[in-house]
Amino acid sequence: MDAMVRCGHIKLVRSENDVFEVSKGLSRLGWCLVRSLYHRGASRGPIGRLYSAIRSGSDYNRRGLMLRLIGRDIRRKHLTDSDPLVVAHPVLVGILKGRPDLIYQHGEVVTPREAVVVGAETVLVPVENAAQPFRDAGYEHSRVFVSGLCVELPLVKQASDAFQMRIKRIESLDSLTGVFFSSGAEPVIHVEKLVAAAVSVAVSHGKVLLFARQNGRFERAVRSGFHRNNIPLSAIDTGDQIPHDLPAVTLIIYLSRREEDSLTARLFNQFDYLVAPPHERTNWALGLGLPLFAVIPTIGPFAPLNLKVLHEHGVAETLEFPDDAHNLGERLEQLRRDGRLAAMAEAGWGRCSIDGFARIAEFLSVRYAD
């Protein structure tokens, strides 16, 4: 939406990115169930197995009972609306399939089976490999637009300078700054590894930035883990000034994705490597030259395919076992000494276009100029 407004050709962009605002009664209750499964689905117990079974068996091309239920009020509101409508999840394509000017933004570099839903007017994908499954499913070539990687606009503006500074730091004796993100569901198994890896880096005298949702599982685990290891921890949020020289360990607290994006942009020129699940910010590793250390197990259909692509491009290493997380500080120093960390950064720079949002905005402004 920011890119579309900035391009200047579109007079108005409306935002309704919360299905809970549209849905009422049983339909809203259905979305609550979906959200509960998402947040609990990364557990190692029966709920996790149920979630995995549901995800692996999803087919949004068939409008079954659940899809009809959660989609009832969305269809009432949007099925006959004449404005172009952009959605970013296959379930919404399944709910609104056949609606005129339905635009499906598939932002991932991989396309698992469940993501391929027919019935949109146009499909937006970041890379050519992600486009082919949609064409195989019946979309005409002209209806699948390959945009380039969709990287946040404020990061694109500073990407080149940030990359050059990152390479200089990696090749120097300066302390490196690791950035740690969980996924929205904050699965315990990922949170535990993220905290262990961050503690390891701090003990090895590296700098650490931990992005965490306020009062979420990750924030609580970070505070507990660093207190337990007697490591000083500072915290800032969007209302704070960013100090020129950050403390060794800083917890970055946000309430919304907009706040998270704002804080990310303000701190991005200090990022040297990323630690996160392989379904989070994959585009950064592939387009911004930011080496990724992926915490696993992989959860959901996208993560294992993403990890395969990341390994093929030489931009990621894996934190598979608990010891991998506990020893990340030492591993980083070894990768730095033998040149592999710099090689990971260079492998992810300039390989793919990173102006996907701007190209999408231009494409849509031309198509819907009137």
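The values are calculated or read from the model by the stated rules, or taken from the named source; none is laboratory data. Just so we're clear, the structure is a prediction, and the values are computed from it rather than from any experiment. Here the Cβ positions follow ideal geometry from the backbone for every residue, glycine too, while neighbour counts run over all protein chains shown.
Annotations
- Selection status of F163, part of a strand (DSSP E or B), more than 19 Å from the chain's Cα centre (by Cα) and of a type outside the set (D, E, K, R): no
- Residue match in the stretch 213-233 (condition: outside any helix (DSSP H, G or I), over 29 Å from W349 (Cα atoms), of a type in the set (A, V, I, L, M, F, W, C) and in contact with a Lys or Arg (Cβ under 9 Å, 6 or more places away or on another chain)): yes
- Matching residues, the stretch 348-370, being without any contact (Cβ under 8 Å) to a residue 60 or more places away in the chain and polar (S, T, N, Q): none
- Restricting the stretch 13-33 to residues that are surrounded by fewer than 16 Cβ atoms within 10 Å (Cβ to Cβ) and more than 24 Å from P84 (Cα to Cα), the residue that is modelled with the lowest pLDDT is L33.
- Selected residue (criterion: surrounded by the fewest Cβ atoms within 10 Å (Cβ to Cβ)) from residues of the stretch 60-83 that are touching a helix residue (DSSP H, G or I) at 6+ places or on another chain (Cβ under 9 Å) and aliphatic (A, V, I, L, M): M66
- Of residues in the stretch 251-310 being assigned to a helix (DSSP H, G or I) and among the β-branched types (V, I, T), the one farthest from Q214 (Cα to Cα): V309
- The residue that is surrounded by the fewest Cβ atoms within 10 Å (Cβ to Cβ), counting only those in the stretch 233-249 that are in contact with a Leu (Cβ under 7 Å, 6 or more places away or on another chain) and more than 18 Å from V203 (Cβ to Cβ), is I242.
- Tally, over the stretch 172-193, of residues that are farther than 13 Å from A325 by Cα and modelled with pLDDT under 95: 11
Residue by residue, here is whether (1) of a type in the set (A, V, I, L, M); (2) modelled with pLDDT under 95; (3) assigned to a loop (DSSP other than H, G, I, E, B); (4) under 26 Å from L305 (Cβ atoms) holds:
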position	(1), (2), (3), (4)
S52	no, yes, no, yes
S58	no, yes, yes, yes
N61	no, yes, yes, yes
V91	yes, yes, no, yes
R99	no, yes, yes, no
E114	no, yes, no, yes
N129	no, yes, no, yes
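- Count - residues of the stretch 111-144 that are under 21 Å from the mean Cα position of the chain (by Cα) and exposed (fewer than 14 other Cβ atoms within 10 Å of the Cβ): 3
- Here the stretch 311-347 is the region considered, the condition is being assigned to a loop (DSSP other than H, G, I, E, B) and either among the charged types (D, E, K, R) or modelled with pLDDT of 95 or more (or both), and the residue that is nearest to the chain's Cα centre (by Cα) is V315.
- Cβ-Cβ under 8 Å pairs, at least 6 apart or on other chains, the stretch 311-336 side among the acidic types (D, E), far side surrounded by fewer than 16 Cβ atoms within 10 Å (Cβ to Cβ): none
- Residue that is β-branched (V, I, T) and not in a helix (DSSP H, G or I), where the choices are V199, V208: V208
- Residues within the stretch 194-253 that are free of Cβ contacts under 8 Å to residues at least 12 places away in the same chain and farther than 24 Å from D324 by Cα, tallied: 7
- Condition broken by S365, with the remaining ones in (1) within 19 Å of the chain's Cα centre (by Cα); (2) part of a helix (DSSP H, G or I); (3) of a type in the set (S, T, Y) satisfied: (1)
- For F293: the one exception among (1) of a type in the set (F, W, Y); (2) buried (at least 19 other Cβ atoms within 10 Å of the Cβ); (3) out of contact with any Asp or Glu (no Cβ under 7 Å at 6 or more places or on another chain): (3)
- With respect to the conditions (1) over 20 Å from W284 (Cβ atoms); (2) surrounded by 21 or more Cβ atoms within 10 Å (Cβ to Cβ), N229 falls short on a single one, namely (2).
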